[in-house]
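Visitor: Can you read through this structure? Questions will come right after.
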Amino acid sequence: MSTIYEYVERIATAQSEKKAIEKITISNPALTFDEAYEIQRLSIEKSISASNSFIGWKMGLTSKAKQLQVGVDSTIYGRLTNNMLMNHNEITAADHIHPRIEPEVAFTFKKPIAGENLMPYEVWSAVEYVYLALEVIDSRYENFSFSLMDVIADNASSTKFLLGSQPYAPTTTDWAQIKVDVYYNNELKYEGTGAAILEHPINSVIELLNLLSKEGRGIQPGELVLAGAMTDAVAVKSGDTVTADYGVLGSLTINVK
Ligand code: 0L1
Ligand code: MG
């Protein structure tokens, strides 16, 4: 059986060569939750450099639909670094394995916050802004197929994300009630609401804090949290365009080259 360092290498190679690998649990069905998060942590640590720093967290598997798809009933977190944050609204299909795009919201934090089973009002007191976001996910595993432990080790399929340029005050609206229409090549593909994210996107941050508190950690000021998807993800290829229209709040588009 391989060591966790070998799995870190395998995932990094899959990413750099844009070639999907067999999921870890095929050869190591006993991979534990702690080992999977350690593979994730080591993978991100390995990617950190002078030009690539840790900037926050993403939550995954935050909707019942996604949990059913993967056959699990728990949320997971991943780590975000600044080279995942897109500075223009274009990705290159050839830079990815099998990219998919999903509409999200993101939170930024002005105060440190930590703890288990916090109440929404406690979390809101630490939030600075809410942003519209599009996440590009790209599993490093063959056929985008994995178990819970595999996807944790693979940093929750993170690859890129686009943030809207407009910060919204947390009090702008009821974030559970916001609506999104997702257009794939100008055709309506999915409709969703903020409530798809654990009934309310703030619950995603509460879940993240529950997971982080098991490791004695929390969210630091300046960090960002991608809260989770409001609809299914759209599989994309070169030449495609995905637009998430959030009505009066605005819209975000990613073009795939
Ligand atoms: O952002 C997400 O919800 C992705 C989490 C991992 C599952 C997937 O890749 O669909
Ligand atoms: Mg996501």
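Visitor: Among the residues of the range 161-182, is there at least one that is without any contact (Cβ under 8 Å) to a residue 40 or more places away in the chain and either in a helix (DSSP H, G or I) or among the acidic types (Asp, Glu) (or both)? Steps first, please.
Guide: Initial filter on the range 161-182 (without any contact (Cβ under 8 Å) to a residue 40 or more places away in the chain): 165, 171, 174, 176-177.
Checking the rest, the ones that are also either in a helix (DSSP H, G or I) or among the acidic types (Asp, Glu) (or both) come to 171, 174.
Checked the range 161-182: at least one residue is without any contact (Cβ under 8 Å) to a residue 40 or more places away in the chain and either in a helix (DSSP H, G or I) or among the acidic types (Asp, Glu) (or both).
Visitor: Now for a different question. Of all residues in the range 63-83 being in a strand (DSSP E or B) and near ligand 1 (Cβ under 9 Å from one of its atoms), which is nearest to Ser147 (Cα to Cα)? Reasoning before the result, please.
Guide: From the range 63-83, those in a strand (DSSP E or B) are 76-81; that's our starting set.
Checking which are near ligand 1 (Cβ under 9 Å from one of its atoms) leaves us with 76, 78.
Details: Ile76: 12, Gly78: 15 Å.
Going through the qualifying residues, I end up with Ile76.
Visitor: In the range 234-249, which residues are crowded, with 17+ Cβ neighbours inside 10 Å, out of contact with any Ser or Thr (no Cβ under 9 Å at 6 or more places or on another chain) and outside any strand (DSSP E or B)? So that I can check it myself, show each step before the final result.
Guide: Filtering the range 234-249 down to residues crowded, with 17+ Cβ neighbours inside 10 Å leaves 234, 236, 240, 242-246, 249.
Narrowing further to those that are out of contact with any Ser or Thr (no Cβ under 9 Å at 6 or more places or on another chain): 234, 236, 240, 246.
Scanning the range 234-249 gives Val236, Asp240, Tyr246.
Visitor: Being over 13 Å from the mean Cα position of the chain (by Cα) and within 16 Å of ligand 2 (Cβ to nearest atom) narrows it down to one of Tyr121, Tyr168, Tyr131, so name that one.
Guide: Numbers: Tyr121 fails: within 16 Å of ligand 2 (Cβ to nearest atom); Tyr168 fails: within 16 Å of ligand 2 (Cβ to nearest atom).
Of the residues listed, the single one that is over 13 Å from the mean Cα position of the chain (by Cα) and within 16 Å of ligand 2 (Cβ to nearest atom) is Tyr131.
Visitor: Let me ask something else. If a residue must be within 16 Å of ligand 2 (Cβ to nearest atom) and out of contact with any Gly (no Cβ under 7 Å at 6 or more places or on another chain), how many such residues does the range 104-118 contain? Show your work before the answer.
Guide: Step one: of the range 104-118, the residues within 16 Å of ligand 2 (Cβ to nearest atom) are 104-107.
Checking the rest, the ones that are also out of contact with any Gly (no Cβ under 7 Å at 6 or more places or on another chain) come to 106-107.
Residues that pass the stated criteria total 2.
Visitor: For the range 60-81, give me each residue that is surrounded by fewer than 14 Cβ atoms within 10 Å (Cβ to Cβ) and under 15 Å from the mean Cα position of the chain (by Cα).
Guide: Matches in the range 60-81: Ser74 only.
Visitor: Which of (1) within 13 Å of ligand 2 (Cβ to nearest atom); (2) more than 26 Å from Pro120 (Cβ to Cβ) is the odd one out, the single condition Tyr183 does not satisfy?
Guide: (1)
Visitor: Follow-up question, since we're still on this one. Within the range 151-158, is even one residue within 16 Å of ligand 1 (Cβ to nearest atom) and assigned to a strand (DSSP E or B)?
Guide: Of the range 151-158, the ones within 16 Å of ligand 1 (Cβ to nearest atom) are 151-158.
This time we only want the ones that are assigned to a strand (DSSP E or B), so: 158.
Yes, the range 151-158 contains a residue that is within 16 Å of ligand 1 (Cβ to nearest atom) and assigned to a strand (DSSP E or B).
Visitor: Which one of these is more than 21 Å from Tyr121 (Cα to Cα) and either away from ligand 1 (no atom under 16 Å from the Cβ) or of a type in the set (Gly, Ala, Ser) (or both): Ala229, Ala169, Ala176?
Guide: Values: Ala169 fails: more than 21 Å from Tyr121 (Cα to Cα); Ala176 fails: more than 21 Å from Tyr121 (Cα to Cα).
Only one candidate qualifies: Ala229.
Visitor: Among the residues in the range 105-118, are any at pLDDT 95 or above, farther than 26 Å from Arg41 by Cβ, of a type outside the set (Val, Ile, Thr) and not in a loop (DSSP other than H, G, I, E, B)?
Guide: In the first step, residues of the range 105-118 are kept if they are at pLDDT 95 or above; the result is 105-118.
If we keep only those that are farther than 26 Å from Arg41 by Cβ too, we end up with none.
Within the range 105-118 (the criterion being at pLDDT 95 or above, farther than 26 Å from Arg41 by Cβ, of a type outside the set (Val, Ile, Thr) and not in a loop (DSSP other than H, G, I, E, B)), the answer is no, since none of the residues qualifies.
Visitor: Looking at the range 45-58, I want the residues that are farther than 23 Å from Tyr5 by Cβ and have a partner that is more than 16 Å from ligand 1 (Cβ to nearest atom) with Cβ atoms under 6 Å, at least 6 apart or on another chain. Which pairs are those?
Guide: Ile55/Asn82; Gly56/Glu223
Visitor: Just to be sure before I move on: is Thr75 β-branched (Val, Ile, Thr), touching a Pro at 6+ places or on another chain (Cβ under 8 Å) and within 12 Å of ligand 2 (Cβ to nearest atom) in the structure I sent?
Guide: Working: β-branched (Val, Ile, Thr): yes; touching a Pro at 6+ places or on another chain (Cβ under 8 Å): no; within 12 Å of ligand 2 (Cβ to nearest atom): yes.
So Thr75 does not fit the description; no.
Visitor: Since Tyr141 meets every condition but one in (1) surrounded by fewer than 22 Cβ atoms within 10 Å (Cβ to Cβ); (2) more than 14 Å from ligand 2 (Cβ to nearest atom); (3) more than 23 Å from Lys214 (Cβ to Cβ), which condition does it not meet?
Guide: Only one criterion in (1) surrounded by fewer than 22 Cβ atoms within 10 Å (Cβ to Cβ); (2) more than 14 Å from ligand 2 (Cβ to nearest atom); (3) more than 23 Å from Lys214 (Cβ to Cβ) is unmet by Tyr141, namely (1).
Visitor: Can you go through Leu226, Leu252, Leu208 and tell me which one is closer than 23 Å to Thr81 by Cβ, assigned to a helix (DSSP H, G or I) and either more than 14 Å from ligand 2 (Cβ to nearest atom) or touching a strand residue (DSSP E or B) at 6+ places or on another chain (Cβ under 8 Å) (or both)?
Guide: Working: Leu226 fails: assigned to a helix (DSSP H, G or I); Leu252 fails: assigned to a helix (DSSP H, G or I).
It is Leu208.
The values are calculated or read from the model by the stated rules, or taken from the named source; none is laboratory data. What you see is a predicted model; the values in this text were computed from it and never measured. Glycine gets a Cβ as well: all are built from the backbone with ideal geometry, and neighbour counts include every protein chain shown.
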